[in-house]
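The values are calculated or read from the model by the stated rules, or taken from the named source; none is laboratory data. Please read these numbers as outputs of a predicted model, since none were measured by experiment. We place every Cβ from the backbone using ideal geometry, glycine too, and count neighbours over all the protein chains shown. Just so you know, the surface numbers come from the protein's heavy atoms only, side chains and all, with ligands and any DNA or RNA stripped out. Shrake-Rupley method; radii C 1.70, N 1.55, O 1.52, S 1.80 Å.
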Amino acid sequence: GFKVLASASHYWPLEDVDGIHEFPDTNGDIVEGMVNKGIYVTEKKGVTFLFSGSYQNSCISNPEVCGPEGVTFSFFWKTQDQQAKFLPASGGQVISSGFKICSNEGEGSVEFYTRGNAMMKWKASFSPPGPYWTHILFTWKSREGLKVYVNGTLNTTDPDGKVFYDYGDPSANLLTGTEGDRTKRYVNGAFDEFIIWERALTPNEIEQYFTAAIGVQVLLSSTLPWSVMTTTTQPVLSTNAYRPIITNLTEERGNFRSPDTMLGYLENVSVSLPNKSLSENTAQSLTEAFLKAIEDFLLLPNWIDVPETAHIFGSLIQTIDNLMAHMMDNLDENPLPLTMEGMSSVADYSLVKMHPQTLNLSYYRFPSRGQSYISIPSEAFHEKAWITIVGLLYHNMHYFFHNINPMDTRIAEAAAYKGYMISATSYLISVKVEPLPKLSHNLSGSPLITIQLTHELTPRQYSQALNQSNRVHLYCAFLDYSNGTGVWSNEGCVRESGDLNYSVCLCNHLTNFAILMQVVPLKLTREHQVALSSITYIGCALSIFCLTITLVTFAILSSVSTIRNQRYHIHANLSFAVLVAQILLLTSFQFSPGTVPCKILAILLHFFFLSAFAWMLVEGFHLYSMVIKVFGSEESKHLYYYGIGWGCPLLICVISATSSLDSYGESGNCWLTLENGAIWAFVAPALFVILVNFGILIAVTRVISRISADNYKVHGDANAFK
């Protein structure tokens, strides 16, 4: 406890306050006003005030400056004589630009403020202090929100906070007292041992500090007034066999470079835990330390290069299960009921020990909020005396279960589509209950577990799912460890409802669940394949034959006038581009996707089909120059036309191929893939050509119609107008 105090950033013992006995200065390094010399204390009879100047870059004035480590505020508080002079309506207060604590009308509360891009407010209420010294401590972390501890025990939380637009002066001083006239800052409360840590203390550290501060055994109920607690000359801490393990988990962080080595270490920790009872605070500390180590594992730089990624993460989840199962079996049975919950970057977690009769609802749900959850009907708990429930909702684990071979699963429906890989497409969620709930063996009976999971699709998965030529299979699956290793199975589960955004599953057992997705291309029947193949070969062969005749014809007629010769040049280039594209298209059917020849043919097809559209654009420009507006000499137009017809497609293909080579000849045929937007390197220029030529068609038609109408008026020849 003294070591925890010695690590504080700011400490004011307030020796003159007639309060609890003071800390003995055993380490010789506890200094009043530690670190920040600008904070000072003034004292009136039985009333204490703390002031600080405006420190804009400190955790005290702006908690967001504290970073991910968070901040902790701690002090002792009691209500004074009700006849105190100038009794304020708001009761006792501690206020700064970052936080505010007050008691009023039978309620105590902590309000916490951050002033970043959006002002946020967290608020948690608790029973206010009476005439006995009460320890108030609150921690804040950007990820975990506000936690308030009263007398060393977690009392209330506000994990999310809310946007807030109206809170006092952003440069307010830190003080204990009331707002308003400084000359009348009398309060009906007294404060002692005011401490600030520029990090969030763990529940274990809070327990240690509180025990040392009051000099009583930590096992005493935190709700008893201190006047009736049995004090001792020295704080007596219960022997805790788990403390070295928690310390080792913390110290070993960052020492591992290999996923295999670190996984082996975590597995060893989970199976070698002492078979001794542990308190709620110890369980919380152990869970937090273990999940921190898991976070380090996920951040290892070279785990992604390891083969069998899904197998490794299956073992990792089994390791977490072992830890939680150990805590279920060894959790201290006093006091009951018990609720332990928290959140980390790895998972939200909950451990509940209760009597089923205390369930106010017709079901137990984990987590209590959100779109992804597991629901257990209360009738499954009948005839149970006490139940222990452990829940985990993993945030990122599903990313590591991708490209799972369906033959490596126990999902018969997936194995029927051999070669089409499976990926997790939702959060992993886990709930374990001891003793086991009584569930129906038949999936059409009751009671059953209800699991709702929101799909977390990657852009690639979403594109595949929306592709009308694919069929999407969604499986309610779980990790089955019956053979020692985690294998995905859907035995005892059925997908009841849902769409592309979520799934609702019914299961007759509990374990780790997720939604798996398998995308299977729709297969054509043999008759359709023959018909399409015949149409393609006959149509392309006919096209190649006619285009060849066209080119020969243009070669024979090349001796005509200059203007006509230019028109024939454009026609010949267009015909040549289409001819080569058709020949390449027929050739590409002989090669398999993913091969080098297929990639080369895909790039050439892209170029020649783009060139065909580009020469159509040149046709439009030439018609425009003949009918509406003449521009440039014949030689300059020749250069423009060749630049548009061959140069622009070449430039587009070079940019596309160099930036996204893996988009050519990979999915189903020797062409651009439809999945990552690469197809727009062809579709966008083609649409542009169509729109421009449509505009030119309208403009040319209007001019010709006007000329024909004038000729009809002069000559009266209806055929000329037609």
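Sub-8 Å Cβ pairs linking a first residue in the stretch 236-255 that is more than 15 Å from E280 (Cα to Cα) and assigned to a helix (DSSP H, G or I) to a second residue that is among the charged types (D, E, K, R) and at pLDDT 75 or above, at least 6 apart or interchain, are L249/K292; T250/K292, ordered by first then second residue. Considering each residue of the stretch 148-168 in turn, none proves to be more than 21 Å from I196 (Cβ to Cβ), open to solvent by less than 30 Å² (accessible area, probe 1.4 Å) and at pLDDT below 65. Selection of helices (runs of 4 or more DSSP H) fully inside the stretch 604-715 by the criterion of at least 2 residues being crowded, with 18+ Cβ neighbours inside 10 Å and touching a Ser or Thr at 6+ places or on another chain (Cβ under 8 Å) returns 648-659.
For the stretch 266-288, filtering for residues that are free of Cβ contacts under 8 Å to residues at least 40 places away in the same chain, under 11 Å from H326 (Cβ atoms) and either part of a helix (DSSP H, G or I) or open to solvent by 40 Å² or more (accessible area, probe 1.4 Å) (or both) leaves 1.
For (1) closer than 25 Å to Y502 by Cα; (2) open to solvent by 40 Å² or more (accessible area, probe 1.4 Å), each residue gets a yes or a no:
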position: D329; (1), (2): no, yes
position: L338; (1), (2): no, no
position: S350; (1), (2): yes, no
position: M354; (1), (2): no, no
position: Y394; (1), (2): yes, no
position: I404; (1), (2): yes, no
position: I422; (1), (2): yes, no
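In the set (1) outside any helix (DSSP H, G or I); (2) of a type in the set (D, E, K, R); (3) under 26 Å from the mean Cα position of the chain (by Cα), D321 fails one condition alone, (1). Test P447 against the criterion of being at negative phi, open to solvent by 50 Å² or more (accessible area, probe 1.4 Å) and not aliphatic (A, V, I, L, M), and give yes or no. In short, no. If we scan the stretch 595-603, do we find a residue that is open to solvent by less than 60 Å² (accessible area, probe 1.4 Å), under 23 Å from T553 (Cα atoms), assigned to a helix (DSSP H, G or I) and small (G, A, S)? No, the stretch 595-603 contains no residue that is open to solvent by less than 60 Å² (accessible area, probe 1.4 Å), under 23 Å from T553 (Cα atoms), assigned to a helix (DSSP H, G or I) and small (G, A, S). Counting residues in the stretch 631-650 that are β-branched (V, I, T) and in contact (Cβ under 8 Å) with a residue 40 or more places away in the chain gives zero. Candidates are the residues of the stretch 568-598 that are at pLDDT below 90 and of a type in the set (G, A, S); the one that is nearest to T548 (Cα to Cα) is S592.
Per this entry, V530 is not counted among residues that are touching a His at 6+ places or on another chain (Cβ under 7 Å), over 18 Å from I374 (Cα atoms) and not charged (D, E, K, R).
In the stretch 1-12, the residues that are within 13 Å of Q208 (Cα to Cα) form Cβ pairs under 6 Å with partners that are aliphatic (A, V, I, L, M) and crowded, with 20+ Cβ neighbours inside 10 Å, at six or more places apart or across chains, as follows: G1/A212; F2/A212. When each of L237, L263, L224 is tested for being at pLDDT below 80, more than 23 Å from A8 (Cα to Cα) and not assigned by the TED database to the domain that holds F76, the lone residue that passes is L224.
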